[in-house]
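A quick write-up on the structure given underneath.
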Amino acid sequence: MWFIALIALAAIVLIFQPFFASHPDKVNGPAGITGQAAPVFPLLNDRGLPVSLERYRGRIVVMNLWASWCPPCRAEMPDLQRLQNLYGAHGIAIIGVNEGESAQRARAFAESLRIRFPIWIDAGERYGRLYAALGLPTTVILDRHGVVVRGFDGALTFEEMRANLIPLITRS
């Protein structure tokens, strides 16, 4: 009788153990893909020309996903341009990826803010899904090998952007 009870107890423990086991929390959003190679697929820029991350190998890439209807995106764009102006010569490339809008709308928005870094059009919002963006803006930083080193949901200040890039610049 004790033997049967012991086997039954062991079976219960084995069945219910996964429900009580401690699992590390999975990180949601773009931070959850840190350490992974950035997905690469072709898009078009705001002038209709083909573009791809492949062209940026060897450079540190700050990819910012945005839309013109997003007030935090509008607030963040001038700081991204400032970052490009200050650190472009150090191998930093800023890429603005418009999520779901037309090339004309994206270009007009960027021109209104005097943005000179490349604007890509992601009409199908593929990057937003692949980078697990929880909202806009979303910023992903890639190292010189195309690996995601940081991911952020929400607007960043200039100092936050700078603080995340300086270690990558000095490592190079």
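The values are calculated or read from the model by the stated rules, or taken from the named source; none is laboratory data. Keep in mind it's a predicted model, so treat the numbers as computed, not measured. Reconstructed Cβ throughout: ideal geometry from the backbone, glycine too, with neighbour counts over all protein chains shown. Areas reflect the complete protein model, heavy atoms only, side chains present, ligands, DNA and RNA absent. Shrake-Rupley method; radii C 1.70, N 1.55, O 1.52, S 1.80 Å.
Here are P50, P78: which of them is closer than 25 Å to E159 by Cα and either over 18 Å from the mean Cα position of the chain (by Cα) or open to solvent by 40 Å² or more (accessible area, probe 1.4 Å) (or both)?
So the residue among P50, P78 that is closer than 25 Å to E159 by Cα and either over 18 Å from the mean Cα position of the chain (by Cα) or open to solvent by 40 Å² or more (accessible area, probe 1.4 Å) (or both) is P78.
Any residue in region 80-108 that is closer than 16 Å to R126 by Cβ sitting within a Cβ distance under 8 Å of a residue that is open to solvent by 60 Å² or more (accessible area, probe 1.4 Å) and in a helix (DSSP H, G or I)? List the pairs, counting only those 6 or more apart or interchain.
Once the first residue is closer than 16 Å to R126 by Cβ and sits in region 80-108, its partners that are open to solvent by 60 Å² or more (accessible area, probe 1.4 Å) and in a helix (DSSP H, G or I) give N98/R105.
Among the numbered conditions (1) surrounded by 10 or more Cβ atoms within 10 Å (Cβ to Cβ); (2) at pLDDT below 95, tell me where G58 comes up short.
Failing condition for G58: (2).
Among (1) more than 15 Å from I33 (Cβ to Cβ); (2) in contact with a Phe, Trp or Tyr (Cβ under 8 Å, 6 or more places away or on another chain); (3) at pLDDT below 95, which single condition is P137 missing?
The one condition P137 does not meet is (3).
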